[in-house]
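J.: Following this message is one structure expressed as structure tokens.
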Amino acid sequence: MQITLTRENEYLPDLAKLMKKTKLTEMESLFEFEFLDNNVRKYFTYNPGQFVQVSIFGVGEAPFSVSSTPTRPGNLELGIRQTGNVTDAIHNLNVGDVVGIRGPYGNGFSMDKLCGKNLLFIAGGIGMVPLRSVINYIMDKRDDYGKVTIFYGACLPDERVFVDELENVWPNAPDVEMHQTVDECHETWQGNVGVVTCLFDVCKVASENTVAIICGPPVMYKFVVQDLMKLGFKGDDILLSLERKMQCGVGKCAHCQIGHKLTCIDGPVFTFSEVQRLQEAI
Amino acid sequence: MSSTYIMKRSDLLKLVQAAMDEYDIYGPVQRRTTWVFDKIDDPSRIDMDYDNTMMSLKKFFIPSKEVMMRFNLREMSIDDSLPDVKAERPQLLVGVHACDIHALLFLDRVFGGKYVDPYYVARRENTTIIGLNCIDPCKHGFCKSVNTHIVNEGYDLYLTPITGDKYYVHVGSPKGDRLLTIAGKLLREATDEGHEAFKASMKHKHESLPVGLHLDNINETFDMAWDDPIWARLGEECMNCGSCALVCPTCYCYDVADELDLSLSNADRTRKWSTCLYHDFALVAGPHNFREDPPARLKYRFYHKIRGALHDHGIIACTGCGRCIEHCPAGISVKDVVYELQKRRVGVPVVKGG
Ligand SMILES: Cc1cc2nc3c(=O)[nH]c(=O)nc-3n(C[C@H](O)[C@H](O)[C@H](O)COP(=O)(O)OP(=O)(O)OC[C@H]3O[C@@H](n4cnc5c(N)ncnc54)[C@H](O)[C@@H]3O)c2cc1C
Ligand code: SF4
Ligand code: SF4
């Protein structure tokens, strides 16, 4: 097993071993990887909101947001939905199997700038994958940030990811308010029913000194942003994490271009003000 | 002051012949109704009076298909092809027009920057360029309108045709110095007479190249023009064949795919040219296509080349080479489109006297 460790070639992945695989839902699982190389393990770090490129050799490469937080060094956690060639192959991995990982890429959230702010998280489906990184980062540095409100929407109760944290961890953390909803009613479900924006009626959110952080399926953004604007949120205080097709992750292949910006370099986190100036963005 | 030189036009063939031991040489040769940059074994095939080549020079730096790395799936090891690329024989490109040199300067920005594309850079470093100053217009080009008719960098030698069937030769780099050494007595230092002849050629060039549009306030124009009816009209004509992007010297988009060999124990990670005109270019899992409608993809190409390139790299990604105009089956002309938008939004170009 050998690989030259060099950043001379940004496209060369580092080898990493699957340490643990946990089913989140029917379609999604959480994968924990550890780099084989000691140096990479020691120096690899990231910002919440950044992503990595995962290679299944012989199948291909795809981008995934990091779902763990840099405040908890250890395995790199990725929450991945099974949806095509690469993701099928990832779901078929056994513990101990080796993949390639390179990154981290993209801007991520600037956690320094968010210090002292109240934070409103709005996640839909697996949009929670990158936001979990931010939320747990804040949990670990609780005093540096203000009140945290979390809205989470999924189609069905069984389609929710990170249920343990949603139900048992975050609601019990200091100064955290947690609300969930599902699109379709279900016998075992006692909670809210409706799309994620219905939570604005359940919980009054103030826009003062608050930053909203949104990630979810493409259809969700428009409606959520409309409601936030009504509540007085300014474009600069709404952060969106966008998804596009990506091949290189480093600004060369141009698949992820939105208007005049590259999702992989200028994003994937954009302010709504930026997004407004980018045609086709949401 | 460094020297400039004079060379007989016919001596270029001798220089190419002399350089063969050291380089793989490529130059313009006629093929049917057009020209191509082809491998030169017989220097007399080079046609320095060529109008334009169908394919641009990007193929020498980003091949239409290349293997980036090989995976050995049994040993789980990665074999980077970069050392092989670096070990390739040096290449010498002869007779490169100013617009195509500008295209390389643009690609340098794309493949350089924060993350360097090592394959591109290795080939670029391994390549020597003899530029050719066009002093007469070509059929479809509009270089002077987009300020690419003059180059100050990006070549190793630069040849300007002057009277008496000679070239006025400028040296642009140490690689150019190497060619000087190879050329030996074929070049002699330019005298006042040569300088005068160069001046006359450049006067001729400035008078002969047309200016049909301008780029003033082009950012504002494109920001205003998002909902312009022109896009729907062009969208109906365009068949999303991608030819414009394939022939374009600055269109660089690519796809990456792993290809397994028959033993299933080795795989190549390859990249191939792609174009934003293709249906699956912005298609993601879901499936959700961010540019499902064909007109949206054509419009996107214009926005990326003008607005996006300016944002990312400070220059537009159209060198005015005219290839897409020549090869579009729908007769769509980037020059006419930009002209029409500019005329409506910020006015027609002011052409100063010859
Ligand atoms: C910044 C970023 C972060 C991301 N983070 C995550 C994350 O944390 N978790 C996660 O699960 N995903 C994430 N994604 C999405 C993930 O990258 C994709 O799901 C993944 O690339 C799919 O790869 P695949 O090879 O499995 O699917 P592919 O085989 O490439 O296919 C993907 C889907 O596209 C469609 N498709 C592809 N080709 C065609 C075609 N020719 N015609 C019609 N339809 C086609 C199909 O519907 C298919 O299901 C992220 C994406 C980005 C850009
Ligand atoms: S060459 Fe013409 S028809 Fe083909 S994709 Fe380009 S603009 Fe459309
Ligand atoms: S857009 Fe057309 S004219 Fe401009 S550089 Fe590309 S091929 Fe040449």
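The values are calculated or read from the model by the stated rules, or taken from the named source; none is laboratory data. Quantities reported herein were computed from a predicted structural model and do not represent experimental measurements. Here the Cβ is made from the backbone with ideal geometry for all residues, glycine too, and neighbour counts use every protein chain on show.
J.: Look at A:GLU32 and say whether it is modelled with pLDDT of 95 or more, assigned by TED's automatic domain parsing to the domain that holds A:LEU93 and not β-branched (Val, Ile, Thr). Explain how you work it out, then say what you get.
T.: Working: modelled with pLDDT of 95 or more: yes; assigned by TED's automatic domain parsing to the domain that holds A:LEU93: yes; not β-branched (Val, Ile, Thr): yes.
Spelling it out, A:GLU32 is indeed modelled with pLDDT of 95 or more, assigned by TED's automatic domain parsing to the domain that holds A:LEU93 and not β-branched (Val, Ile, Thr).
J.: Next up: If the requirement is being more than 11 Å from chain B (Cβ to nearest Cβ), basic (Lys, Arg) and assigned to a strand (DSSP E or B), which of these qualifies: A:LYS20, A:LYS42?
T.: Values: A:LYS42 fails: assigned to a strand (DSSP E or B).
Result of the check over A:LYS20, A:LYS42: A:LYS20.
J.: With respect to B:THR191, determine if the residue is in the same structural domain as B:CYS143 (by TED's automatic domain parsing) and either within 15 Å of ligand 3 (Cβ to nearest atom) or modelled with pLDDT under 95 (or both). Reasoning before the result, please.
T.: Working: in the same structural domain as B:CYS143 (by TED's automatic domain parsing): yes; either within 15 Å of ligand 3 (Cβ to nearest atom) or modelled with pLDDT under 95 (or both): yes.
Considered against the rule, which asks whether it is in the same structural domain as B:CYS143 (by TED's automatic domain parsing) and either within 15 Å of ligand 3 (Cβ to nearest atom) or modelled with pLDDT under 95 (or both), B:THR191 comes out as yes.
J.: Follow-up question, since we're still on this one. Taking the residues in the stretch B:249-264 that are of a type outside the set (A, V, I, L, M) and touching a residue at least 12 places away in the same chain (Cβ under 8 Å) as candidates, determine which candidate is farthest from ligand 2 (Cβ to nearest atom).
T.: Within the stretch B:249-264, the subset of a type outside the set (A, V, I, L, M) is B:249-255, B:258-259, B:261, B:263.
Okay, now just the ones that are also touching a residue at least 12 places away in the same chain (Cβ under 8 Å), so B:249-255, B:258.
Values: B:PRO249: 15, B:THR250: 14, B:CYS251: 10, B:TYR252: 16, B:CYS253: 13, B:TYR254: 17, B:ASP255: 17, B:ASP258: 28 Å.
For the stretch B:249-264, the residue satisfying everything is B:ASP258.
J.: OK, next. What's the total number of residues in the stretch B:331-354 that are at pLDDT below 90 and small (Gly, Ala, Ser)?
T.: The qualifying residues number 3.
J.: Tally time: how many residues in the stretch B:260-275 are within 8 Å of another protein chain (Cβ to nearest Cβ) and loosely packed, with under 15 Cβ neighbours inside 10 Å?
T.: The qualifying residues number 1.
J.: Something else now. For the stretch B:224-252, which positions are facing chain A (nearest Cβ under 8 Å) and out of contact with any helix residue (DSSP H, G or I) (no Cβ under 7 Å at 6 or more places or on another chain)? Talk me through it step by step, then tell me what you get.
T.: Within the stretch B:224-252, the first condition is being facing chain A (nearest Cβ under 8 Å), and the residues that meet it are B:226, B:252.
Scanning the stretch B:224-252 gives a single hit, B:TRP226.
J.: Would it be correct to say that A:TYR11 is more than 14 Å from chain B (Cβ to nearest Cβ), surrounded by 18 or more Cβ atoms within 10 Å (Cβ to Cβ), touching a residue at least 40 places away in the same chain (Cβ under 8 Å) and not in a strand (DSSP E or B)? Before the answer, list the steps.
T.: Values: more than 14 Å from chain B (Cβ to nearest Cβ): no; surrounded by 18 or more Cβ atoms within 10 Å (Cβ to Cβ): yes; touching a residue at least 40 places away in the same chain (Cβ under 8 Å): yes; not in a strand (DSSP E or B): yes.
In short, no.
J.: Between residues in the stretch B:93-104 that are charged (D, E, K, R) and residues that are within 16 Å of ligand 2 (Cβ to nearest atom), which pairs lie under 6 Å by C-beta distance while being six or more apart or on different chains?
T.: B:ASP100/B:PRO249
J.: Going through B:ASN240, B:ASN147, B:ASN152 one at a time, which residue ends up being in the same structural domain as B:LEU341 (by TED's automatic domain parsing) and under 22 Å from the mean Cα position of the chain (by Cα)? Quick ask: steps written out before the conclusion?
T.: Details: B:ASN147 fails: in the same structural domain as B:LEU341 (by TED's automatic domain parsing); B:ASN152 fails: in the same structural domain as B:LEU341 (by TED's automatic domain parsing).
Checking each option against the conditions leaves just B:ASN240.
J.: Specify which of the listed residues (B:ASP47, B:ASP51, B:ASP41, B:ASP21) is in a loop (DSSP other than H, G, I, E, B), in contact with a Cys (Cβ under 6 Å, 6 or more places away or on another chain) and either more than 14 Å from every other protein chain (Cβ to nearest Cβ) or buried (at least 19 other Cβ atoms within 10 Å of the Cβ) (or both). Break it down into steps so the answer makes sense when it comes.
T.: Details: B:ASP47 fails: in contact with a Cys (Cβ under 6 Å, 6 or more places away or on another chain); B:ASP41 fails: in contact with a Cys (Cβ under 6 Å, 6 or more places away or on another chain); B:ASP21 fails: in contact with a Cys (Cβ under 6 Å, 6 or more places away or on another chain).
Among B:ASP47, B:ASP51, B:ASP41, B:ASP21, only B:ASP51 is in a loop (DSSP other than H, G, I, E, B), in contact with a Cys (Cβ under 6 Å, 6 or more places away or on another chain) and either more than 14 Å from every other protein chain (Cβ to nearest Cβ) or buried (at least 19 other Cβ atoms within 10 Å of the Cβ) (or both).
J.: Quick one: in the stretch B:236-264, of everything that is of a type outside the set (A, V, I, L, M) and in a strand (DSSP E or B), which residue is nearest to ligand 3 (Cβ to nearest atom)? Please lay out each step first, then the result.
T.: Our first condition is that a residue be of a type outside the set (A, V, I, L, M); within the stretch B:236-264, this holds for B:236-238, B:240-244, B:248-255, B:258-259, B:261, B:263.
Then drop every residue that is not in a strand (DSSP E or B), which leaves B:254-255, B:258-259.
Numbers: B:TYR254: 16, B:ASP255: 19, B:ASP258: 30, B:GLU259: 29 Å.
If we take residues in the stretch B:236-264 being of a type outside the set (A, V, I, L, M) and in a strand (DSSP E or B), then B:TYR254 is nearest to ligand 3 (Cβ to nearest atom).
Here's the yes/no breakdown for (1) more than 13 Å from ligand 2 (Cβ to nearest atom); (2) within 11 Å of chain A (Cβ to nearest Cβ); (3) under 24 Å from B:LEU213 (Cβ atoms):
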position	(1), (2), (3)
B:VAL284	yes, yes, no
B:PRO287	yes, yes, no
B:ILE306	yes, yes, yes
B:GLU326	no, no, yes
B:SER333	no, no, yes
B:ARG345	yes, no, yes
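J.: Given the criterion in the same structural domain as B:VAL16 (by TED's automatic domain parsing) and hydrophobic (A, V, I, L, M, F, W, C), identify the matching residue among B:LEU234, B:LEU186. Break it down into steps so the answer makes sense when it comes.
T.: Values: B:LEU234 fails: in the same structural domain as B:VAL16 (by TED's automatic domain parsing).
So the residue among B:LEU234, B:LEU186 that is in the same structural domain as B:VAL16 (by TED's automatic domain parsing) and hydrophobic (A, V, I, L, M, F, W, C) is B:LEU186.
J.: Working only within the stretch B:74-117, note down all residues that are facing chain A (nearest Cβ under 10 Å), among the hydrophobic types (A, V, I, L, M, F, W, C) and not in a helix (DSSP H, G or I).
T.: B:MET76, B:ILE78, B:VAL116
J.: Would you check if there is a residue in the stretch A:144-158 being within 20 Å of A:VAL66 (Cα to Cα), charged (D, E, K, R) and without any contact (Cβ under 8 Å) to a residue 40 or more places away in the chain?
T.: No, there is no match, as no residue in the stretch A:144-158 is within 20 Å of A:VAL66 (Cα to Cα), charged (D, E, K, R) and without any contact (Cβ under 8 Å) to a residue 40 or more places away in the chain.
J.: Which condition breaks for B:ASP51 when tested against (1) touching a residue at least 60 places away in the same chain (Cβ under 8 Å); (2) closer than 21 Å to B:LYS175 by Cβ; (3) not hydrophobic (A, V, I, L, M, F, W, C)?
T.: Just one mismatch for B:ASP51, condition (2).
J.: Also, I was wondering about something else. Can you spot a residue in the stretch A:111-118 that is more than 16 Å from ligand 2 (Cβ to nearest atom), over 15 Å from A:GLU243 (Cα atoms) and touching a Ser or Thr at 6+ places or on another chain (Cβ under 8 Å)? Show your work before the answer.
T.: Quick first cut of the stretch A:111-118, residues more than 16 Å from ligand 2 (Cβ to nearest atom) only: A:111-118.
Then drop every residue that is not over 15 Å from A:GLU243 (Cα atoms), which leaves A:111-118.
Now restrict to residues that are touching a Ser or Thr at 6+ places or on another chain (Cβ under 8 Å): A:117-118.
Yes, there is a match, as at least one residue in the stretch A:111-118 is more than 16 Å from ligand 2 (Cβ to nearest atom), over 15 Å from A:GLU243 (Cα atoms) and touching a Ser or Thr at 6+ places or on another chain (Cβ under 8 Å).
J.: Need the failing condition index for B:ASP312 against (1) buried (at least 21 other Cβ atoms within 10 Å of the Cβ); (2) over 30 Å from A:PHE64 (Cα atoms); (3) more than 16 Å from ligand 2 (Cβ to nearest atom), just the number.
T.: Condition (2) is where B:ASP312 drops out.
J.: Tell me, which strands (runs of 3 or more DSSP E) wholly within the stretch B:151-235 include 1 or more residues that are among the hydroxyl-bearing types (Ser, Thr, Tyr)?
T.: On the way: elements: B:157-162, B:166-171, B:187-189.
By residue number, B:157-162, B:166-171.
J.: Check every one of the helices (runs of 4 or more DSSP H) wholly within the stretch B:265-354 and list those with 2 or more residues that are more than 25 Å from B:ASP223 (Cα to Cα) and in contact (Cβ under 8 Å) with a residue 60 or more places away in the chain. Write out each step before concluding.
T.: On the way: elements: B:294-303, B:309-313, B:323-327, B:334-346.
Filter on the stretch B:265-354 gives B:323-327.
J.: Note down all Cβ pairs under 7 Å where the first residue falls in the stretch A:58-79 and is free of Cβ contacts under 8 Å to residues at least 12 places away in the same chain, the second is away from ligand 2 (no atom under 16 Å from the Cβ), and they're at least six residues apart or on different chains.
T.: From residues that are free of Cβ contacts under 8 Å to residues at least 12 places away in the same chain, the pairs are A:GLY58/B:PHE71; A:GLY58/B:LEU73; A:GLY58/B:ASP258; A:GLY58/B:LEU260; A:GLY58/B:ALA267.
J.: Applying the selection to the stretch B:64-73, what residues are of a type in the set (S, T, N, Q) and more than 12 Å from chain A (Cβ to nearest Cβ)? Working first, answer last.
T.: As a first pass, look at the stretch B:64-73 and keep what is of a type in the set (S, T, N, Q): B:64, B:72.
Answer for the stretch B:64-73, where residues must be of a type in the set (S, T, N, Q) and more than 12 Å from chain A (Cβ to nearest Cβ): just B:SER64.
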